Amino acid sequence: MRSQTTKQQSDQLAAHKSNCKTNAVGHNFKKNTHTLSVYPLDRGAACVVRSARFSSKCLRLSSPCPRHCVSVADMTWFVGWLSALAAGLFSAHVLQRLCFPYFWIDVFFLLKVVRYGVKLELFKLTSSVRTVLDRFIQQARRIPNKPFVIYDGRVHTYRDIEERSNKLAHVFLDRVRLKKGDCVALLMSNEPDFLCVWFGLAKVGCPVAFLNTNVKSKSLLHCLNCCGAKTLIVGSDLVNCLDGTLTKLLEENIQVWAMKSSSEHTQVHTLLDKVDAASDQPVPAVLRATTSLKTPTLYIFTSGTTGLPKAAVITHLQSLKAAAGLWGYGASKDDIMYIPLPLYHSAASLVGIGGVIELGATCVLKKKFSASQFWNDCRKYDVTIFQYIGELCRYLCNQPKTELDKVHKVRMGVGNGMLQDVWREFHSRFGNIKMCEVYGSTEGNLVFMNHIGKIGSVGRSNFMYRLLFKYDLVKYNMGIEEPVKDEHGFCQRVKRGETGLLLSKVSSISPFFGYAGSKKLTEKKLMRNVFVKGDAYFNTGDLMAEDHEGFIYFKDRVGDTFRWKGENVATTEVTETLGLVDFIQEVNVYGVEIPGHEGKAGMAAMTVRPGLKFDGKKLFEHTMRDLPAYARPLFIRLQEVIELTSTFKQQKYQLVQSGFNPSTISDPLYVLDYEQKSYIPLTHSIYQSIVSGERKL
C-alpha cells in the first residue's frame with residue numbers, strides 16, 4: 001500500500017515538473033545560488049518549496065499550484081511588510097496609551113453625544129419634536145406593567161402613573177379651568193403624585209414652576225409673580241405652610257389647590273376628591289404638542305449670584321439633553337435608580353426622572369434622604385445606580401461601619417460636589433462604585449461629565465469637545481471680584497493648570513434661555529465683548545482649573561453666592577432679611593469653610609445701630625421665621641464698620657479668609673444654638689467642638 005502511494009506521488013511530481021518547465025514562477029529557478037523547486041502534493045493542495053541548500057526544510061503555501069505559487073523572496077517581502085505594520089501598530093498603541101490614555105474612551109463617549117445631538121437637530125429640521133413626556137407615554141404603552149416608581153415599598157407601574165396623570169389632566173381642564181400655556185406653580189414634596197401632577201399639567205400644555213419646599217412667604221410670592229403663575233398646587237403635607245401667606249395669595253388672584261380630599265381652609269380647593277371621578281383616558285394630544293425645542297416646559301428656581309430666587313427657563317431642548325445623561329454614562333433599562341434628592345431640583349427631576357424615562361428603567365423615590373436607611377434600601381430594592389450630592393456621600397461615610405457595607409448591587413453614582421477625600425473613603429468602604437460627576441447649573445449652557453471616573457474631577461474635556469462646545473477659563477481678581485482685562489479691555493485666558501473664571505460661549509449649539517420675568521437678570525448673567533467685539537459668554541460664576549490631561553476641577557464660587565446643605569444661598573436675600581431686624585444697621589453675608597463639611601456655612605458680619613444692643617434671641621426668632629434652614633447664618637461677627645472695596649462693594653474676600661476662629665479674630669463672634677434658641681457667644685471650646693465634628697450643625 002505504501003509503495004503504491006509513493007509511486008503515485010512520484011508520478012504526480014514528474015507530471016508537474018513537465019508542466020512547469022516553461023513557467024518561471026519559482027517552480028525551477030535559481031535565486032542567490034539557491035536552486036528552488038516547487039511541487040504540488042495533490043490537486044488544489046499547497047505546494048512544497050524545496051531548496052537545494054536547505055533541502056531538509058519545507059514551506060507550505062496556502063495557495064494552490066500552479067497559478068499561486070510564490071518565491072521565497074516574495075514571501076520574505078510579505079512577511080517583512082506584515083512585521084513592519086505590526087510594529088507600527090504596536091508602537092502607535094504604546095504611544096497612545098502613554099500620551100493619550102483616554103483617547104478611545106473619549107471618542108466612544110463623544111460619538112454618543114454627537115449621535116444624540118444629531119437626533120435633536122433632526123427634531124429642529126422636521127418640526128417633529130418628541131418631548132420627555134412623549135417618551136413617557138411611549139414607554140407606558142410599550143412596558144405598561146413595568147415598575148416605574150417604588151415609593152414607601154409600594155410599586156407604581158408605568159401604566160399607573162400614566163392613568164393617574166390622565167385623570168389629573170381632565171381635572172385641570174374641567175374643574176381648574178386651565179388653558180394651554182397657563183403657568184402653574186407646584187409646591188410638593190417627593191412623592192408619586194408630584195410626577196402625576198407634573199405630567200398631568202404637561203399633558204394639557206401648561207408649563208410647570210417647581211417651587212423649593214423651603215421657600216418662605218416673601219420668596220414664595222416673588223416666585224409666583226416672576227413666572228406669571230396664577231395657580232398654585234400644594235401637597236397635602238405643605239398646606240399648613242401657607243398659613244401666613246394664603247391671604248396675600250388670594251389678594252393676588254392666585255387660586256390654590258391642595259392634593260387633599262377635604263380642606264379646613266374654605267378658599268383652598270381640593271383635588272383628590274375630583275380625581276377619583278375623572279376619566280383615565282388620554283386628553284387630546286394636540287394640547288401637549290409643540291413644534292419647537294425652545295418652547296419652555298419648566299421653571300426651576302435657582303439662587304444664582306444675587307437676590308431672590310430666579311426662575312430659570314427650562315425648554316424641551318434642555319430637558320431632553322438632561323434625560324440623556326444616564327444613557328451617556330452607560331445606564332440601561334435593567335437599572336434601578338435611587339433618587340433621594342428633592343424633585344424640585346433639576347438633578348432629580350431632569351437627570352433622574354427624565355433619565356429613567358428615557359431608558360424605560362425603574363426608580364426608587366425617597367421623600368427625604370436618610371443616611372441610616374440608604375444601604376438597607378439599596379439592598380431591599382436591588383438598586384444599581386444612585387443620585388448624590390457631595391454632602392450625601394459624606395453622611396454615608398460618617399455612618400457606623402458594618403459587615404454589610406460592601407453587600408449591595410450598586411455599580412454607579414451620578415451627581416456632583418464630591419470632594420477627593422470623601423471619594424476615596426467612599427470607594428474604600430463601599431466598594432469600587434463608579435462615581436460619575438456632572439458639572440452644570442440649572443440655567444447654564446455648558447455641561448461637563450466625568451465619564452472616566454477620575455477622582456476629584458467634575459468633568460472631562462479634550463480638543464474634540466472644544467470643537468463642539470466653546471468655553472474658556474479667564475483670569476480673575478479675587479480682591480476686586482472682577483475678571484482681569486488686557487490693555488484693549490478684553491479678558492485674558494489662563495494657562496493650563498491655572499485657576500480661572502469659567503465662561504461658556506452662547507451659540508446655536510449652546511443657547512442661554514435666561515430667566516423668566518426679568519430681561520435685566522438674564523443680561524446680567526452674560527458677559528459681552530469678552531475676547532472680541534460682539535461676542536457673548538455665559539458667566540458660570542465658578543472658578544475652575546483644567547489640568548494637562550483635560551480633567552476639569554472645581555475650585556470656588558465667586559460673587560454673592562455660596563452652597564450649603566446642597567442648596568445655593570443668595571447672600572443678598574439673606575442680607576435683606578437680616579436688615580429688617582431693628583438693631584442691625586448694616587450686614588455683609590458670606591460663606592466660610594468648616595472642616596469635615598461640604599460647601600460653606602453662612603456667616604454674617606454686621607454693625608449695630610447706635611443706642612441699641614445685639615439681641616441673639618431676637619435674631620434667632622427672625623431667622624427661624626423668615627429664612628429656610630440652609631440659609632440661616634451659623635455665625636455672626638460684630639464689627640465697628642463694614643469694609644468696602646475700591647469699587648465701593650462690600651469686602652468679602654478678607655472676611656472669608658479669616659473664617660470664624662475666635663483665637664484669630666478680635667471682633668465678637670456668635671454661633672447659632674437651636675437648644676438655647678439664640679445666637680450665643682462663640683467660645684474656644686465651642687469652636688473646637690465644631691471643627692472636630694462633635695457639635696451638630
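Assorted remarks:
- In segment 324-443, a dipole from Cβ-located charges (positive for Lys and Arg, negative for Asp and Glu) runs towards its positive end, and of M418, I385, S428 it is S428 whose Cα lies farthest in that direction.
- Quarter of the Cα convex hull surface for segment 213-271, i.e. its orientation-mean projected area (nm²): 3.7 nm²
- Entries in K167/K380; K179/K367; K310/K533; K519/K600; K294/K533; K203/K260 that, when Cα-Cα distance is taken, lie over 25 Å: K167/K380; K179/K367; K310/K533; K519/K600; K294/K533
- Across segment 324-443, Cα pairs under 8 Å and at least six residues apart give a relative contact order of 24 percent.
- Counting only DSSP beta bridges whose two residues both lie in segment 130-321, roughly 35 percent are antiparallel.
- Helical content of the chain, expressed as a calculated mean residue ellipticity at 222 nm, amounts to -9500 deg cm²/dmol (DSSP H runs of 4 or more residues, -39,500 (n - 2.57) each, divided by residue number, nearest 500).
- Pairs of alpha carbons in segment 194-243 whose separation is greater than 19 Å (percent): 28 percent
- Binned Cα-Cα distances of segment 561-691, short to long, each 5 Å bin given as a whole percent: 2, 10, 22, 26, 23, 13, 3, 1, 0
- Efficiency of FRET from Cβ geometry, S263 and R175, R₀ 22 Å, rounded to 0.05: 0.95
- Principal-axis analysis of the Cα atoms of the chain puts helix 103-126 at an angle of about 70° to the longest axis.
- Each principal axis of the Cα atoms in the chain has its own extent, and those three values, largest first, are 125, 67, 61 angstrom.
- Cα gyration tensor, segment 216-316 - rounded (a/c under 1.5), prolate or oblate: oblate
- Net charge dipole size for segment 324-443 [Lys, Arg +1 and Asp, Glu -1 on Cβ; Debye, nearest 20]: 340 debye
- Using a Förster distance of 35 Å, the FRET efficiency for I105-R429 (Cβ separation, nearest 0.05): 0.85
- Listed peptides 143-153, 354-364, 211-221 by packing density, highest first (mean Cβ within 10 Å): 354-364, 211-221, 143-153
- Segment 561-691: relative contact order as a whole-number percent, Cα under 8 Å and 6+ apart: 23 percent
- V79 paired with D547, simple spin-label distance in nm, labels 7 Å along Cα-to-beta-carbon: 4.6 nm
- Against the chain, whose longest principal axis is taken from its Cα atoms, helix 2-19 shows a tilt of about 90°.
- Cross-link partners for K248 among the lysines, with Cα-Cα distance under 18 Å and sequence neighbours closer than 8 places in the same chain left out: K216, K218, K230.
- More than 24 angstrom apart: percent of Cα pairs within segment 130-321: 38 percent
- Segment 334-360 residues near the modelled R115 label - backbone nitrogen below 17 Å, point 7 Å along Cα→Cβ: 334, 358-360
- For F369, net neighbour charge (Lys/Arg +1, Asp/Glu -1) across residues whose Cβ lies under 15 Å away: -1
- For segment 324-443, alpha-carbon Rg over 2.2 N^0.38 Å: 0.98
- Each Lys and Arg Cβ is given +1 and each Asp and Glu Cβ -1; about its Cα centre, segment 130-321 then shows a dipole of about 820 debye.
- Label sites at K618 and K495, each approximated as a point 7 angstrom past Cα along Cα to Cβ, lie 5.6 nm apart.
- Crossing angle, helix 132-142 versus the chain [Cα axis fit, 0-90 degrees, rounded to tens]: 60 degrees
- With a Förster radius of 22 Å applied to the beta-carbon distance between E251 and R625, the computed FRET efficiency rounds to 0.60.
- Under 16 Å from a label point set 7 Å out along the Cα-to-Cβ vector of S279, the amide N atoms of segment 156-172 belong to 163-172.
- Mean Cα-pair separation over length for the chain, i.e. relative contact order, pairs under 8 Å, 6 or more apart, %: 8 percent
Quick note: the coordinates plus some simple rules give every number you see, no bench work behind them. Bear in mind the structure is a predicted one, so any value in this text is a computation, not a measurement. Cβ coordinates were reconstructed from backbone atoms using ideal geometry, including for glycine residues, and neighbour counts include every protein chain displayed.
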